[in-house]
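Below is one structure, written out as C-alpha cells, with a few remarks after it.
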Amino acid sequence: QQGGVRLLNGDGTAAITARYVEPLLECNWTTIEDGVHEIHLCTTTGEQRTLWSGNVSHGDHFTSVDPGALSSGIYMILVRTPTMELHYPLMVIR
C-alpha cells in the first residue's frame, strides 16, 4: 500500500545476504514489514523449493536452512514478504 521495497538496508536498497556453508545455507536479512516471509531456492529448470517460511516482526533476522546436496551451479534465492517478491543470485562452486 505504501509502495517501495520492503526488504531494506540502511541506505534504502534491498538487503539479503546468503552464503552456502556446507551443509547449510546461511541467510541474513532485514525487513521493515511484519507478517509471513518466505525464502525459496529456485533452479534454472524452474524447480522451486521452500527453504524457510514463518511469521516475523520487522528487524534483522538470521536463518540457517539445509538446502540438501546442492550441486555446482547458479541458483536464485526468492524472498517473499507480504507485499514484495525479491530475487537474488546464488552461485555454488564445488
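Every number in this text was worked out from the coordinates using simple rules, so none of it is lab data. All values derive from a computational prediction rather than experimental measurement. Glycine gets a Cβ as well: all are built from the backbone with ideal geometry, and neighbour counts include every protein chain shown.
Using only the C-alpha atoms, the convex hull of the stretch 32-94 corresponds to 92 Å³ per residue.
As a ratio to 2.2 N^0.38 Å, the alpha-carbon radius of gyration computed for the stretch 14-66 takes the value 1.17. Taking 7 Å steps out from each Cα toward its Cβ at M76 and D34 produces label points 3.1 nm apart.
For the stretch 10-94, the relative contact order is 29 percent, taking Cα pairs closer than 8 Å that sit 6 or more residues apart in sequence and dividing their mean separation by the residue count.
The phi-based Karplus calculation (6.51 cos²θ - 1.76 cosθ + 1.60; θ = phi - 60°) puts the 3J(HN,Hα) values of the stretch 79-89 at 10, 10, 10, x, 10, 9, 9, 10, 10, 9, x Hz, whole numbers, x for Gly and Pro. Once the chain from R19 to T43 is taken as fully extended at 0.36 nm per residue, the excess over their C-alpha distance is 7.0 nm.
For S64 and T83, the difference between the fully extended length at 0.36 nm per residue and the C-alpha to C-alpha distance is 4.5 nm. Straightening the chain between V92 and V56 buys 10.1 nm, computed as 0.36 nm per residue apart minus the Cα-Cα spacing.
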